[in-house]
Structure formats: C-alpha cells, structure tokens
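Structure record follows, encoded as structure tokens.
The values are calculated or read from the model by the stated rules, or taken from the named source; none is laboratory data. Since we're looking at a predicted model, the values are computed, not measured. In this analysis, Cβ positions are derived from the backbone assuming ideal geometry, glycine residues included, and neighbour counts consider all displayed protein chains.
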Amino acid sequence: MHTQPLSVITSNDHRLHDPEFDIYSGSLVRRFEVPQRVDRIREALADGPFEMKPPTAHGIEPVLRVHNPDLVDFLTTAWKEYTAVIASPQAVIAETFIHEGLVEGMPVGRPPLTNGYGRLGWFCFDTSSPLVEGSWPAALASVDIALSGADRLLAGERVVYSLCRPPGHHAARSAFGGFCLLNNAAIAAQSLLDAGAGRVTILDVDAHHGNGTQQIFYQRGDVQFVSIHMDPEWNYPWFMGRTHERGDGRGAGANLNLPLPVGTTGDHYLTDLTAGIDALNAFDPDYVIVSLGVDPAAGDPTAGLSLTTDDFNAVGRVIGTIDRPLLIVQEGGYQLHRVGADVRAVLDGVCAMARV
Ligand SMILES: [Zn+2]
C-alpha cells in the first residue's frame, strides 16, 4: 500500500495558454482543452492523500534534448512574428500546411524565414492547436511540471503525478499539434535517461494515439512506447497508431500499438491494458511514465470509448501493479463535469496497489 501522500506537481502558468476557438472535426468550435480542466482536477484531489507542490524551472536544454531547435525557435518567436504581419492576431490557425503530396518528386523546400504566419504550416500539423501570446511560457511551464515529477522519482519517490497542461503526447520532434506544443512525457523520459536510467517505458492510456511520442522514439531502443487508444480508422490522429508500427532500427519491437474499436467498455479495455503491461514488464524498464488521458470516458467529445469512473479506478489498480517508479503525466480528458473524478479514480487505484 502507498502510505505517504502522493506528490502532485502543479502551477497556474498554464492559464496563459487559452485560445478561445479552434477548428475541430471540420467545425469552428469553442475549445475543449481549457484551463478549467486543471481546476476540476485540483478540486477532486483537494480532500485526499495528495500534496500539491510547485515545479522548479529547468530551462530550455531538456526541451532541446528531444525537440528540433527550429521548432523551439518558432514557438518562442511565433507571437511576435504574427503581430508583425497580422493586425489583431487571436487564435492563429495555418492557411497552408506542408504536405507530402505537395512536394512529391521535388525537393521538400523550406518555410519562409521571416513571416511567422507563413511558417506556421511548416511546424504545426493540424487546425486544433492555435497559439496565443502566452502559449510558449505555458508550454515551458508544463514541461517543468513533468521534469519536476521526474526529479522526484530520481530522489526516490515511488509514484508522482504531474498535472501538465497543455498536454504533450501529440507533439513530434519537429512539429506540434493535437492541443500539444511540447512533448512533456518524452522530455521527462529523456531526462531520466540523462540522469542514468538504462530504459524507460511510456505507457499511453489517452484515448488518442500518442503519435508524437511514437515518432520521437521510433528508432530508439532505450524508450519503449506502449499505447492503447481508439483505432485510427475512426479517430484522430488518423494516420498513425496501427498495430504494424513496431519501431525501426534499434527501436524494432519497442513500439506497441493496441487500437480499440468505437464503444469499447471497461472489460475489453482492461484486457488490452494488461497485455500492454505484460509487454512493458518484458522490456524491464527502470522507470515508467504513464501518459494519462481520461478521454476514454464515455461521452468525451473528442473520442468514442465508453469507460465509467469505476473503470478508471480499475485502470489505476492495474497500473499500480507495475512494480517500478511511476511518473503519471496528464494528457487529455475534456468533460469538465467528470475529468476530476476520473483522474482521482485512477490515482486512488494506483495508490491502493503500488508498494512504497
Ligand atoms: Zn486524447
């Protein structure tokens, strides 16, 4: 049993990233990925064995261990560049995206050097991830929350919860999207390796495939990626997340996708999750990072799975059987009336099973 309070790393800097609209599934919508998500989660953890702790600043170096410096440069300067060419930028969405078919048989080209709006479609791969003035500091603060959680594992804590926002698992090495700017879980994994770990597994239980995390580590043998998610035949990110994607080169066999059909309920989900954890144990990592999305919840506006709050408690109990240090990093989950209860259910389940 877990007897000490669980550290919850959280801050208010995420509020700086709050675009009002994005284009989701072909329609202009009010954002699902809003600051109130963090409020609801904190409220749900207020009366339990949880201890809220602020992150510490880690600077840009850990980010550059994972992300392309050109992407980082774009994110840090985008707002300034937008305001130079757009009269009153609000939530800026790209007009043109670099596309494989656009340059088929030709040199790939390059983005414009100075026009930030023109550069946007080079670095962002979808329409659901507009940047506002405070997006960069919010993204960096979210990374610090993940890294501060990793620090606590290195200091000997058994389980830590990093309440990251914006989320991260869709962000690839050189491109951002899917509500994600920087890949918090991937940066935390790299920091653990840089601190001396031999192997890390990222177990992604968000309803959507963690395409960014997969891409970052696809050819790496020191980070295993296991993802259980909606079949991309039916849901974002559409092009990745299928079973034949098993890793390449030194990463061959270290990538496992477990796609689920529309409407999947708790029993089926738990069966596949257990298979994923069997693969994790076979990889024998020193640390495990859980990319925790609670958007497998029934009714989530971005997904189509059917988990109940009790199912999330069972998910937590299965995760809690992993006998290794666990960093739980928040990803998605978009129903404000239940996101807090669902996260609480997972954490209660983990704490009930994890040995200190
Ligand atoms: Zn998701």
Restricted to segment 192-209, and to residues that are surrounded by 24 or more Cβ atoms within 10 Å (Cβ to Cβ) and within 20 Å of P62 (Cα to Cα), which residue is nearest to the ligand (Cβ to nearest atom)? I202
Please work out if D206 is farther than 22 Å from I145 by Cα, modelled with pLDDT of 95 or more and acidic (D, E). no
Is one or more of the residues making up segment 316-323 part of a loop (DSSP other than H, G, I, E, B) and closer than 23 Å to S191 by Cβ? yes
Quick check on my filter: what residues within segment 294-315 are over 18 Å from the mean Cα position of the chain (by Cα) and charged (D, E, K, R)? D310, D311
Can you tell me which residue is surrounded by the fewest Cβ atoms within 10 Å (Cβ to Cβ) among those in segment 169-191 that are small (G, A, S), part of a loop (DSSP other than H, G, I, E, B) and more than 14 Å from the ligand (Cβ to nearest atom)? S174
Reported set for segment 81-98 where residues are more than 24 Å from the chain's Cα centre (by Cα), part of a loop (DSSP other than H, G, I, E, B) and under 21 Å from S129 (Cβ atoms) is I86, S88, P89, Q90, E95, T96
If you go through V350, V290, V262, V318, the only one that is surrounded by 15 or more Cβ atoms within 10 Å (Cβ to Cβ) and within 16 Å of the ligand (Cβ to nearest atom) is V290
The number of residues in segment 265-287 that are touching a residue at least 12 places away in the same chain (Cβ under 8 Å) and either more than 16 Å from the ligand (Cβ to nearest atom) or assigned to a loop (DSSP other than H, G, I, E, B) (or both) is 16
Is there any pair with a first residue in segment 288-314 that is on the phi < 0 side of the Ramachandran plot and a second that is aromatic (F, W, Y) and near the ligand (Cβ under 9 Å from one of its atoms) whose Cβ atoms are under 8 Å apart and which are 6 or more apart or on different chains, and what are they? D295/Y334; D300/Y334; P301/Y334; T302/Y236; T302/Y334
For segment 328-347, what are the residues that are touching a strand residue (DSSP E or B) at 6+ places or on another chain (Cβ under 9 Å), away from the ligand (no atom under 15 Å from the Cβ) and of a type in the set (G, A, S)? none
Whichever residue in segment 293-315 is surrounded by fewer than 23 Cβ atoms within 10 Å (Cβ to Cβ) and among the aliphatic types (A, V, I, L, M) and, among such residues, is nearest to the ligand (Cβ to nearest atom): A298
Please verify whether T114 is in contact with a Leu (Cβ under 9 Å, 6 or more places away or on another chain), part of a loop (DSSP other than H, G, I, E, B), hydroxyl-bearing (S, T, Y) and surrounded by fewer than 13 Cβ atoms within 10 Å (Cβ to Cβ), treating the condition exactly as stated. no
If F239 satisfies every condition in (1) touching a strand residue (DSSP E or B) at 6+ places or on another chain (Cβ under 7 Å); (2) assigned to a loop (DSSP other than H, G, I, E, B); (3) closer than 24 Å to F125 by Cα but one, which is the exception? (1)
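For every residue, the table says whether it meets (1) touching a helix residue (DSSP H, G or I) at 6+ places or on another chain (Cβ under 6 Å); (2) part of a loop (DSSP other than H, G, I, E, B); (3) polar (S, T, N, Q).
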{"position": "G198", "(1), (2), (3)": "no, yes, no"}
{"position": "D206", "(1), (2), (3)": "no, yes, no"}
{"position": "G221", "(1), (2), (3)": "yes, yes, no"}
{"position": "Q224", "(1), (2), (3)": "yes, no, yes"}
{"position": "P232", "(1), (2), (3)": "no, yes, no"}
{"position": "T243", "(1), (2), (3)": "no, yes, yes"}
{"position": "L256", "(1), (2), (3)": "yes, no, no"}
